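J.: What follows is a single structure, and I will ask about it in a moment.
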Amino acid sequence: MTEQRKTVVLTGASRGIGHATVQRFSDEGWRIISCSRDDIPEHCKRDPNWAYHFPTDLADIGAVDAFVAEANDFLGDDPLHALVNNAAVSPKTPYKERLGCLNGDIERWREVFELNLFAPLILARGFAAALRRGAQKEGGSIVNITSIAGHAIHPFAGSAYSTSKAALSALTREMAVEFAQLGVRVNAVAPGEIETEMIGAEYEPLINRIPMHRMGTPEEVAGCVYRLCTADFGYVTGTEIFVTGGQHVY
(Lines give C-alpha, C1' and ligand atoms only; values in the text may rest on other atoms or scores of the structure.)
Protein backbone atom coordinates (compact mmCIF):
# COMPACT_ATOMS: atom_id res chain seq x y z
CA MET A 1 0.00 0.00 0.00
CA THR A 2 2.74 2.48 0.94
CA GLU A 3 4.57 1.74 -2.33
CA GLN A 4 1.47 2.79 -4.31
CA ARG A 5 0.69 5.96 -2.37
CA LYS A 6 2.70 9.13 -2.07
CA THR A 7 3.53 10.51 1.38
CA VAL A 8 3.70 14.11 2.60
CA VAL A 9 5.02 15.51 5.89
CA LEU A 10 3.31 18.77 6.87
CA THR A 11 3.77 21.04 9.89
CA GLY A 12 1.16 23.31 11.47
CA ALA A 13 -1.61 20.95 10.39
CA SER A 14 -4.37 21.61 12.92
CA ARG A 15 -5.93 24.76 11.43
CA GLY A 16 -5.89 27.40 8.70
CA ILE A 17 -3.72 26.92 5.64
CA GLY A 18 -2.05 23.84 7.10
CA HIS A 19 -5.33 22.07 7.73
CA ALA A 20 -6.67 22.93 4.27
CA THR A 21 -3.46 21.65 2.72
CA VAL A 22 -3.73 18.34 4.57
CA GLN A 23 -7.29 17.99 3.30
CA ARG A 24 -6.16 18.64 -0.29
CA PHE A 25 -3.40 16.03 -0.15
CA SER A 26 -5.81 13.57 1.49
CA ASP A 27 -8.40 14.19 -1.23
CA GLU A 28 -5.69 13.30 -3.75
CA GLY A 29 -5.01 10.03 -1.94
CA TRP A 30 -1.68 10.93 -0.30
CA ARG A 31 -0.64 9.50 3.05
CA ILE A 32 -0.29 12.27 5.66
CA ILE A 33 2.30 12.62 8.44
CA SER A 34 1.83 15.83 10.39
CA CYS A 35 2.56 17.83 13.50
CA SER A 36 1.21 20.95 15.22
CA ARG A 37 1.03 22.50 18.66
CA ASP A 38 -2.63 21.49 18.92
CA ASP A 39 -4.17 18.10 18.36
CA ILE A 40 -6.17 17.62 15.19
CA PRO A 41 -10.01 17.63 15.25
CA GLU A 42 -11.71 14.33 16.07
CA HIS A 43 -13.20 13.91 12.60
CA CYS A 44 -9.72 14.19 11.09
CA LYS A 45 -8.55 11.26 13.18
CA ARG A 46 -11.00 9.13 11.21
CA ASP A 47 -9.38 10.12 7.89
CA PRO A 48 -7.71 6.90 6.67
CA ASN A 49 -5.08 8.93 4.81
CA TRP A 50 -4.04 10.89 7.91
CA ALA A 51 -1.65 8.22 9.07
CA TYR A 52 0.32 9.89 11.86
CA HIS A 53 0.06 13.13 13.88
CA PHE A 54 2.60 14.32 16.44
CA PRO A 55 1.42 17.13 18.79
CA THR A 56 4.49 19.25 19.48
CA ASP A 57 5.85 22.80 19.48
CA LEU A 58 8.52 23.10 16.80
CA ALA A 59 9.80 26.32 18.39
CA ASP A 60 11.69 23.92 20.69
CA ILE A 61 14.68 22.51 18.81
CA GLY A 62 14.45 19.34 20.87
CA ALA A 63 10.88 18.88 19.69
CA VAL A 64 11.98 19.30 16.07
CA ASP A 65 14.58 16.56 16.47
CA ALA A 66 12.03 14.32 18.20
CA PHE A 67 9.50 14.77 15.40
CA VAL A 68 12.09 14.00 12.74
CA ALA A 69 13.13 10.85 14.60
CA GLU A 70 9.57 9.61 15.13
CA ALA A 71 8.44 10.42 11.59
CA ASN A 72 11.48 8.73 10.05
CA ASP A 73 10.87 5.71 12.25
CA PHE A 74 7.27 5.63 11.03
CA LEU A 75 8.44 5.91 7.41
CA GLY A 76 11.02 3.19 7.74
CA ASP A 77 12.43 2.58 4.25
CA ASP A 78 9.46 4.17 2.52
CA PRO A 79 10.07 7.21 0.31
CA LEU A 80 8.89 10.70 1.26
CA HIS A 81 7.53 12.65 -1.69
CA ALA A 82 6.88 16.06 -0.12
CA LEU A 83 7.70 18.18 2.93
CA VAL A 84 5.52 21.25 3.54
CA ASN A 85 6.99 23.68 6.10
CA ASN A 86 3.87 25.57 7.16
CA ALA A 87 4.18 26.06 10.95
CA ALA A 88 4.93 29.66 11.93
CA VAL A 89 4.33 32.23 14.66
CA SER A 90 3.68 35.98 14.57
CA PRO A 91 3.61 37.09 18.23
CA LYS A 92 2.54 40.39 19.69
CA THR A 93 4.00 42.24 22.67
CA PRO A 94 2.22 42.03 26.08
CA TYR A 95 0.47 45.27 25.00
CA LYS A 96 -0.85 43.59 21.80
CA GLU A 97 1.50 45.65 19.64
CA ARG A 98 3.44 44.36 16.63
CA LEU A 99 6.73 42.83 17.67
CA GLY A 100 8.95 45.47 16.06
CA CYS A 101 12.51 46.69 16.09
CA LEU A 102 12.10 49.08 19.01
CA ASN A 103 9.75 47.14 21.28
CA GLY A 104 9.41 43.69 22.76
CA ASP A 105 11.87 41.22 24.23
CA ILE A 106 14.70 40.25 21.88
CA GLU A 107 14.20 36.67 23.06
CA ARG A 108 10.82 36.74 21.31
CA TRP A 109 12.69 37.50 18.08
CA ARG A 110 14.82 34.41 18.63
CA GLU A 111 11.68 32.32 19.24
CA VAL A 112 10.16 33.58 15.99
CA PHE A 113 13.28 32.72 13.98
CA GLU A 114 13.55 29.34 15.73
CA LEU A 115 10.17 28.27 14.39
CA ASN A 116 9.86 30.27 11.17
CA LEU A 117 13.40 29.74 9.83
CA PHE A 118 15.46 27.18 11.69
CA ALA A 119 12.73 24.53 12.02
CA PRO A 120 12.24 24.33 8.22
CA LEU A 121 16.01 23.99 7.77
CA ILE A 122 16.31 21.25 10.39
CA LEU A 123 13.30 19.39 9.00
CA ALA A 124 14.66 19.54 5.46
CA ARG A 125 17.97 18.14 6.63
CA GLY A 126 16.26 15.49 8.74
CA PHE A 127 14.09 14.23 5.91
CA ALA A 128 16.69 14.61 3.15
CA ALA A 129 17.35 10.87 2.85
CA ALA A 130 13.64 10.02 2.69
CA LEU A 131 13.04 12.81 0.17
CA ARG A 132 15.85 11.48 -1.97
CA ARG A 133 14.14 8.08 -1.96
CA GLY A 134 10.98 9.88 -3.07
CA ALA A 135 12.85 11.66 -5.83
CA GLN A 136 14.16 8.34 -7.11
CA LYS A 137 10.61 7.00 -7.24
CA GLU A 138 8.13 9.67 -8.36
CA GLY A 139 9.68 12.99 -7.37
CA GLY A 140 10.66 14.70 -4.11
CA SER A 141 9.60 18.23 -3.22
CA ILE A 142 9.86 20.77 -0.39
CA VAL A 143 7.45 23.71 -0.15
CA ASN A 144 8.13 26.49 2.35
CA ILE A 145 5.21 28.73 3.29
CA THR A 146 6.56 32.28 3.27
CA SER A 147 4.46 35.46 3.24
CA ILE A 148 3.76 38.67 1.37
CA ALA A 149 5.03 40.34 4.57
CA GLY A 150 8.52 39.09 3.74
CA HIS A 151 8.60 41.36 0.70
CA ALA A 152 6.88 44.58 1.81
CA ILE A 153 5.91 46.38 5.01
CA HIS A 154 2.66 44.96 6.35
CA PRO A 155 0.49 46.89 8.83
CA PHE A 156 -0.22 43.92 11.08
CA ALA A 157 2.75 41.57 10.68
CA GLY A 158 5.53 42.48 13.10
CA SER A 159 9.13 43.05 12.10
CA ALA A 160 10.27 39.76 13.61
CA TYR A 161 7.73 37.78 11.58
CA SER A 162 8.37 39.72 8.37
CA THR A 163 12.15 39.38 8.50
CA SER A 164 11.93 35.69 9.38
CA LYS A 165 9.77 35.12 6.30
CA ALA A 166 12.17 37.13 4.14
CA ALA A 167 14.95 34.89 5.43
CA LEU A 168 12.87 31.81 4.59
CA SER A 169 12.50 33.11 1.03
CA ALA A 170 16.30 33.36 0.76
CA LEU A 171 16.70 29.93 2.36
CA THR A 172 14.34 28.48 -0.26
CA ARG A 173 16.65 29.62 -3.05
CA GLU A 174 19.75 28.25 -1.31
CA MET A 175 18.04 24.94 -0.59
CA ALA A 176 16.87 24.66 -4.20
CA VAL A 177 20.48 24.63 -5.39
CA GLU A 178 21.77 22.20 -2.77
CA PHE A 179 18.81 19.80 -2.77
CA ALA A 180 18.89 19.59 -6.57
CA GLN A 181 21.87 17.29 -6.06
CA LEU A 182 19.41 14.87 -4.41
CA GLY A 183 16.83 15.29 -7.15
CA VAL A 184 14.58 17.22 -4.73
CA ARG A 185 12.85 20.44 -5.79
CA VAL A 186 12.44 23.32 -3.31
CA ASN A 187 9.91 26.11 -3.79
CA ALA A 188 7.92 28.57 -1.70
CA VAL A 189 4.34 29.82 -1.58
CA ALA A 190 3.79 33.36 -0.28
CA PRO A 191 0.18 33.93 0.82
CA GLY A 192 -1.34 37.39 1.12
CA GLU A 193 -4.56 38.12 3.01
CA ILE A 194 -6.14 34.71 3.55
CA GLU A 195 -9.45 34.15 5.36
CA THR A 196 -8.49 32.15 8.45
CA GLU A 197 -9.38 32.35 12.14
CA MET A 198 -6.45 34.74 12.61
CA ILE A 199 -8.06 37.41 10.40
CA GLY A 200 -10.05 40.12 12.19
CA ALA A 201 -12.16 43.10 11.18
CA GLU A 202 -9.05 45.29 11.07
CA TYR A 203 -8.03 43.52 7.86
CA GLU A 204 -11.06 44.75 5.90
CA PRO A 205 -9.38 48.01 4.69
CA LEU A 206 -6.63 45.92 3.09
CA ILE A 207 -9.12 44.56 0.55
CA ASN A 208 -8.90 47.89 -1.27
CA ARG A 209 -5.22 47.13 -1.91
CA ILE A 210 -5.99 43.78 -3.54
CA PRO A 211 -6.64 43.93 -7.30
CA MET A 212 -9.07 41.00 -7.07
CA HIS A 213 -10.97 42.86 -4.31
CA ARG A 214 -11.31 39.90 -1.96
CA MET A 215 -9.33 37.82 0.46
CA GLY A 216 -8.06 34.43 -0.57
CA THR A 217 -9.12 31.11 0.90
CA PRO A 218 -6.95 28.48 2.59
CA GLU A 219 -8.05 26.07 -0.13
CA GLU A 220 -6.58 28.32 -2.82
CA VAL A 221 -3.22 28.30 -1.06
CA ALA A 222 -3.48 24.54 -0.53
CA GLY A 223 -4.10 23.98 -4.22
CA CYS A 224 -0.94 25.87 -5.12
CA VAL A 225 1.12 23.92 -2.56
CA TYR A 226 -0.24 20.63 -3.84
CA ARG A 227 0.48 21.38 -7.49
CA LEU A 228 4.08 22.33 -6.69
CA CYS A 229 4.51 18.79 -5.36
CA THR A 230 3.32 17.13 -8.56
CA ALA A 231 4.90 16.29 -11.90
CA ASP A 232 3.14 19.33 -13.40
CA PHE A 233 5.92 21.38 -11.77
CA GLY A 234 8.67 18.82 -12.27
CA TYR A 235 11.09 21.38 -13.76
CA VAL A 236 10.33 24.16 -11.28
CA THR A 237 12.64 24.80 -8.34
CA GLY A 238 13.86 27.86 -6.46
CA THR A 239 10.59 29.68 -7.22
CA GLU A 240 8.30 31.63 -4.89
CA ILE A 241 4.65 31.80 -5.95
CA PHE A 242 2.56 34.69 -4.62
CA VAL A 243 -1.02 33.73 -3.72
CA THR A 244 -2.13 37.30 -3.03
CA GLY A 245 -4.84 38.23 -5.53
CA GLY A 246 -2.27 40.59 -7.04
CA GLN A 247 -1.59 42.52 -3.82
CA HIS A 248 2.16 41.94 -4.11
CA VAL A 249 2.46 43.88 -7.37
CA TYR A 250 1.82 47.25 -5.67
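J.: For segment 211-232, which positions are within 15 Å of Asn187 (Cβ to Cβ) and buried (at least 18 other Cβ atoms within 10 Å of the Cβ)?
T.: Initial filter on segment 211-232 (within 15 Å of Asn187 (Cβ to Cβ)): 221-232.
Within segment 211-232, Val221, Ala222, Cys224, Val225, Tyr226, Leu228, Cys229 qualify.
J.: OK, next. Can you pull out the residues in segment 5-15 that are crowded, with 20+ Cβ neighbours inside 10 Å and in contact with an Asp or Glu (Cβ under 7 Å, 6 or more places away or on another chain)? It would help to see each step written out before you state the result.
T.: As a first pass, look at segment 5-15 and keep what is crowded, with 20+ Cβ neighbours inside 10 Å: 6-13.
Once the filter is applied, which keeps residues that are crowded, with 20+ Cβ neighbours inside 10 Å and in contact with an Asp or Glu (Cβ under 7 Å, 6 or more places away or on another chain), segment 5-15 yields Lys6, Thr7.
J.: Another question, then. Could you check how many residues of segment 5-17 are touching a Leu at 6+ places or on another chain (Cβ under 9 Å) and modelled with pLDDT under 95?
T.: Total meeting the criteria: 1.
J.: Kindly indicate whether Asn85 is touching a residue at least 24 places away in the same chain (Cβ under 8 Å), in contact with a helix residue (DSSP H, G or I) (Cβ under 9 Å, 6 or more places away or on another chain) and farther than 22 Å from Arg173 by Cα.
T.: On the way: touching a residue at least 24 places away in the same chain (Cβ under 8 Å): yes; in contact with a helix residue (DSSP H, G or I) (Cβ under 9 Å, 6 or more places away or on another chain): yes; farther than 22 Å from Arg173 by Cα: no.
For Asn85, the condition - touching a residue at least 24 places away in the same chain (Cβ under 8 Å), in contact with a helix residue (DSSP H, G or I) (Cβ under 9 Å, 6 or more places away or on another chain) and farther than 22 Å from Arg173 by Cα - is not met.
J.: Based on what the data block shows, is Gly183 closer than 30 Å to Asp78 by Cα and within 19 Å of the chain's Cα centre (by Cα)?
T.: Numbers: closer than 30 Å to Asp78 by Cα: yes; within 19 Å of the chain's Cα centre (by Cα): no.
So Gly183 does not fit the description; no.
J.: I need the full set of residues from segment 26-57 which are at pLDDT 95 or above, of a type outside the set (D, E, K, R) and not in a strand (DSSP E or B), in order please.
T.: Ser26, Gly29, Trp30
J.: Sort out which residues of segment 78-99 are modelled with pLDDT of 95 or more and more than 17 Å from the chain's Cα centre (by Cα), and write them in order of number.
T.: Asp78, Pro79
J.: While we're here: Looking at this structure, is Ile33 surrounded by 15 or more Cβ atoms within 10 Å (Cβ to Cβ), closer than 17 Å to Leu80 by Cβ and of a type in the set (A, V, I, L, M)?
T.: yes
J.: Same structure, new question: Taking Asp65, is it more than 25 Å from Ala157 (Cβ to Cβ), in contact (Cβ under 8 Å) with a residue 24 or more places away in the chain and in contact with a Pro (Cβ under 8 Å, 6 or more places away or on another chain)? Show your work before the answer.
T.: Numbers: more than 25 Å from Ala157 (Cβ to Cβ): yes; in contact (Cβ under 8 Å) with a residue 24 or more places away in the chain: yes; in contact with a Pro (Cβ under 8 Å, 6 or more places away or on another chain): no.
In short, no.
J.: I would also like to ask the following. Can you say whether Lys165 is more than 20 Å from Ala222 (Cβ to Cβ) and charged (D, E, K, R), as far as the supplied structure shows? Outline the logic, then answer.
T.: Numbers: more than 20 Å from Ala222 (Cβ to Cβ): no; charged (D, E, K, R): yes.
Taking the combined requirement at face value, the residue does not satisfy it.
The values are calculated or read from the model by the stated rules, or taken from the named source; none is laboratory data. Please read all numbers here as calculations on a predicted model, not as lab measurements. Counting neighbours? That spans all protein chains shown, and the Cβs are built from the backbone with ideal geometry, glycine included.
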